[in-house]
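Below: one structure, written as structure tokens.
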Amino acid sequence: VVSEKPNPANLIFLGVVTGAKGVRGELRIKSFTAVQEDLAAYGLLWDKAGRESYSVTVTGKIKGQLTATIKGVTSRTSAEALRGVELFIPRESLPSLEQNEFYHSDLIGLKVVTGDGEPLGMVRAVDNYGAGDVIEITGGSYKSLMVPFKNEFVPKIDFTAGILVLNPPDGLLKVPEERQKGSE
């Protein structure tokens, strides 16, 4: 268990407090761990800046989210005050990865290009809305792109070069007619 304050650059995003449950300080937390209930198994969780630590105990599940307590949070008011707090763990607290494995957070910030080298932006987020992982690409000429994170669409990731190669699904990069007319 890491007890000293972690380096914010080495933090991995694991979950977010979505609100309070009940009146005794219990919280609802959306967990992004492989097994949702394992959120508290990693030890102390930290805020994004690595300044505040949270001792989390999972108490159950409700509507696809965890219910949990955080040491020192004993009222609905103090639980509500934590709404939106993102929970992180120092990378060194996570299990070692096998070759060709990575954490979703490793993708954030990678430059996205097509197989022909056309720049599309950068990876802003990796989300899962229930049907599999989706990468969100922003900062390019297409504003925001959402692409299923599957081998057929993401054939190559080069962490050394900081590049994710995208094979866009048919029609993804087509500019809508109303946007074409507006730019003439």
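Here Ser144 meets each of (1) at pLDDT 90 or above; (2) exposed (fewer than 14 other Cβ atoms within 10 Å of the Cβ); (3) in contact with a strand residue (DSSP E or B) (Cβ under 8 Å, 6 or more places away or on another chain) with one exception, condition (1). Of the residues that make up region 121-138, is at least one surrounded by 11 or more Cβ atoms within 10 Å (Cβ to Cβ) and part of a loop (DSSP other than H, G, I, E, B)? No, the conditions are met nowhere in region 121-138. Would you mind stating whether Lys5 is over 19 Å from the mean Cα position of the chain (by Cα), within 25 Å of Leu107 (Cα to Cα) and not in a helix (DSSP H, G or I)? The answer is yes for Lys5. In this structure, Pro168 qualifies as surrounded by 14 or more Cβ atoms within 10 Å (Cβ to Cβ) and more than 14 Å from His104 (Cα to Cα).
The values are calculated or read from the model by the stated rules, or taken from the named source; none is laboratory data. For clarity, every value in this text was computed on a predicted model and none was experimentally measured. Counting neighbours? That spans all protein chains shown, and the Cβs are built from the backbone with ideal geometry, glycine included.
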